[in-house]
Structure formats: structure tokens, C-alpha cells
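Undergrad: The following block contains the structure, expressed as C-alpha cells.
The values are calculated or read from the model by the stated rules, or taken from the named source; none is laboratory data. These numbers were taken from a predicted model, which means no experiment stands behind them. Please note: Cβ atoms are built from the backbone with ideal geometry, for glycine as well, and neighbour counts cover all protein chains shown.
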Amino acid sequence: MIKKKEAIYRYILTEALERKQLSFTQLSLSRKFGFSLSTVSNAVKPLENMGAIEKRTRSFNMIDIRKALTFWATTRNITKDLIYSSRSSLPVQKIEGEMPAEAVFTAYSGYRFLYNEAPADYGEVYVYADKKTLEEIKERFPERKGPPNLFVLEKDEFMPEGNIAPLPQIYVDLWNLKEWYARDYLDALERRLFK
């Protein structure tokens with residue numbers, strides 16, 4: 001399950017990248033998530049220490065989105081969120097097409113659906129799912145022997161609605177993947193985010 005601080009990072013980075021909101025208050029974040037002020041403060045402290053945010057009396061401003069995104073990417077451990085994996089003989093686009101409507105695509109599929117392009121061919125599908133959706137996925141893609149090419153990550157309660165993960169989530173997930181083409185997707189995403 002995603003850590004509380006990661007939910008905070010995802011939210012402020014999504015707001016900064018997609019809505020161009022750069023100013024936040026710790027109190028509003030505390031209320032939004034139902035976290036204590038100290039949890040919010042502990043989450044943003046490393047960002048302040050590295051100069052990614054600038055703290056004010058009652059708020060903070062995002063001043064270096066790339067630095068904050070990189071910090072989250074390097075502290076994230078995607079394997080802790082893995083709740084199911086399987087092997088399918090279907091091509092990736094068929095796997096994607098047979099996913100339940102509630103599955104949230106990330107990594108390669110998330111990028112492709114978001115931008116309608118693929119910087120490189122890919123052979124794995126990564127999705128977030130809650131328990132109910134996971135059961136549907138298991139029915140459609142039962143466990144099979146061989147190297148897995150379908151990975152299901154635990155969807156947290158703070159994941160925004162929709163079937164494509166937020167941009168920052170796609171970025172940090174790609175950062176954490178070992179396939180050689182993850183770099184092609186990261187480079188393409190960085191070009192789009194930091195022109």
C-alpha cells in the first residue's frame with residue numbers, strides 16, 4: 001500500500017503539473033487526506049531541505065517540480081505495491097483491452113493511453129486495482145508459468161478517479177522499472193513535462 005507521504009507527493013505534483021497550482025498549505029493537505037499536520041510536515045520537510053519547495057509562514061510553494069518528482073521516484077519501492085502477477089500469451093494491447101474497466105493503467109500502458117504513442121515496443125502491462133477488481137483480473141488472467149508480463153499493483157484510497165494513473169505516478173512507476181525501454185518512456189515523458 002502506498003505510504004501517506006507518497007499520496008501527498010502524488011497530489012501536489014499532479015496539481016503542479018496538470019493544473020499549474022504551485023502553492024499549498026499544510027492545513028489544507030491535512031484536511032484533504034485526514035492526515036495529521038505532523039505527517040504532512042514530515043512529508044514536505046525533505047522537499048524543503050533540497051530546495052524543491054519554499055516554505056512560507058502558512059504555506060509552501062513548489063519551486064522545482066523536477067527535483068520533487070525525482071525525490072519521490074528514488075524513494076519509491078514499486079515492488080511493495082505488487083499484489084499479483086501472471087503470464088499471458090496475448091499481445092500487450094489485447095491484455096490491456098481485456099482489463100476490467102476499473103483497472104488503472106500506469107507505466108507503459110498509462111503513457112500510451114495518455115499520449116496515443118509508444119516511444120518503444122513494450123511487453124508488460126502494469127495496472128492498479130482494488131480487491132474487487134483484482135478478483136476480476138485473476139479470473140481473466142489466471143496464474144501461469146513463465147516470466148510475468150502482467151503486474152497488478154495495490155490501488156490506494158487516494159488514487160484519483162479514472163483508468164489512467166496521474167502523470168507523476170506514471171513517471172515514478174516508470175523510474176522504478178528495470179526493463180531497458182523504461183528509459184525511452186522516461187525520456188519521452190521528461191521532454192513533455194520539462195520542455
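Undergrad: For Ala43, which of the numbered conditions (1) in contact (Cβ under 8 Å) with a residue 12 or more places away in the chain; (2) exposed (fewer than 15 other Cβ atoms within 10 Å of the Cβ) fails to hold?
TA: The one condition Ala43 does not meet is (2).
Undergrad: The conditions are (1) farther than 13 Å from Ala182 by Cβ; (2) in a strand (DSSP E or B), and Tyr126 fails exactly one of them. Which is it?
TA: All conditions are met except number (1).
Undergrad: Which of (1) touching a residue at least 12 places away in the same chain (Cβ under 8 Å); (2) part of a strand (DSSP E or B) does Glu54 not meet, given it meets every other one?
TA: (1)
Undergrad: Still on this structure, please answer the following. Does Ile2 satisfy being in contact (Cβ under 8 Å) with a residue 24 or more places away in the chain, not aromatic (Phe, Trp, Tyr) and not in a loop (DSSP other than H, G, I, E, B)?
TA: no
Undergrad: Among (1) assigned to a helix (DSSP H, G or I); (2) buried (at least 17 other Cβ atoms within 10 Å of the Cβ); (3) of a type in the set (A, V, I, L, M), there is one condition Leu114 misses while meeting the rest; what is its number?
TA: (2)
Undergrad: When you look at Ser109, is it modelled with pLDDT of 95 or more, farther than 30 Å from Val44 by Cβ and surrounded by fewer than 19 Cβ atoms within 10 Å (Cβ to Cβ), yes or no? So that I can check it myself, show each step before the final result.
TA: On the way: modelled with pLDDT of 95 or more: yes; farther than 30 Å from Val44 by Cβ: yes; surrounded by fewer than 19 Cβ atoms within 10 Å (Cβ to Cβ): no.
So Ser109 fails the test.
Undergrad: Okay, next question. Going residue by residue through the stretch 175-194, is there one that turns out to be at pLDDT below 95, outside any helix (DSSP H, G or I) and within 17 Å of Thr14 (Cα to Cα)?
TA: Checked the stretch 175-194: at least one residue is at pLDDT below 95, outside any helix (DSSP H, G or I) and within 17 Å of Thr14 (Cα to Cα).
Undergrad: Could I ask something else about it? Name, by its number, the condition in (1) buried (at least 21 other Cβ atoms within 10 Å of the Cβ); (2) closer than 24 Å to Lys4 by Cβ; (3) over 18 Å from the mean Cα position of the chain (by Cα) that does not hold for Lys132.
TA: (1)
Undergrad: Taking the stretch 65-105 as the region of interest, how many residues are assigned to a helix (DSSP H, G or I) and either surrounded by 16 or more Cβ atoms within 10 Å (Cβ to Cβ) or not charged (D, E, K, R) (or both)?
TA: 17
Undergrad: Just wondering, is there one or more residues in the stretch 10-22 that are without any contact (Cβ under 8 Å) to a residue 12 or more places away in the chain and closer than 30 Å to Lys131 by Cβ? It would help to see each step written out before you state the result.
TA: Within the stretch 10-22, the subset without any contact (Cβ under 8 Å) to a residue 12 or more places away in the chain is 15, 19-21.
The next check asks that each one be closer than 30 Å to Lys131 by Cβ; those that pass are 15.
Yes, that holds for at least one residue.
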